[in-house]
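Following: one structure in structure tokens, then a few remarks.
No value in this document is a laboratory result; all are computed from the given coordinates. All values reported here derive from a predicted model rather than from experimental measurement. Here the Cβ positions follow ideal geometry from the backbone for every residue, glycine too, while neighbour counts run over all protein chains shown.
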Amino acid sequence: MGDEVLSVQPFDVVPGQFLDDMISFYCDKPQPDILDPTCNKRRMWGKSQRKIVAVDINPEVKPDVVADHTNLPFADASFDIITYDPPHTGDQGKSKTEFAAKYGIGVKSKNPETGKWGNLFHTYPAFLKEAKRILRPNGVLLAKLADVTHAQQFQFATAEFYLAAKNFGFELLGYHILPRKGVICDSKWKKASHPRQNHCTWQAFRRQK
């Protein structure tokens, strides 16, 4: 960490407004070309009026383009900003809980090499390769991640994504905490919680030339 911008979103600022503010802060174009490659039902955009290209692997959520975020059908240097909000459930693609159905079930959190469930870390390199390809020089990647506990193990998505992004030559610009007013818990573990489940983290990166 060096000259990165650090912040915590106030409780009275809704996530969509906070995302709007981040885009304005990190991009000086009045109408940037924005891609959301994991849009789901576009909840994080709230009432935002920004024009985006919404992509999802699940046609049922009616994205603008049906595609896998690790294999995107766009030309090189097509976008100024990419927003990335992958599912945060541990048994993604396997779980039958309300969270899996609500936040996306298109990509499995099962690592094809190890056979273990619990995170989407194995998808980061392929996505980052595509993000670097379709971002314009000095383009911005905004990633919304959540560190959680699953199967009695910590799943440090923020650290894993940061390291993967660094390996692909992305420069960390900022680190923004998005606190929750209530702890998200699986219905099977109503009394279980962990401090890291009380917030998500936005990481802002720049695609270096």
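Pairs exceeding 26 Å between alpha-carbon atoms, taken from 41/209; 62/166; 41/144; 41/166: 41/209; 62/166; 41/166. Between residue 209 and residue 167, the modelled label-to-label distance comes to 2.7 nm, taking each label 7 Å out from Cα in the direction of the beta carbon. Counted by Cβ distance under 12 Å from residue 171, the other residues give a net charge of +3, where Lys and Arg count +1 and Asp and Glu count -1. The listed peptides 134-146, 70-82, ordered by packing as a protection proxy, come out as 134-146, 70-82 (highest mean of other Cβ atoms within 10 Å first).
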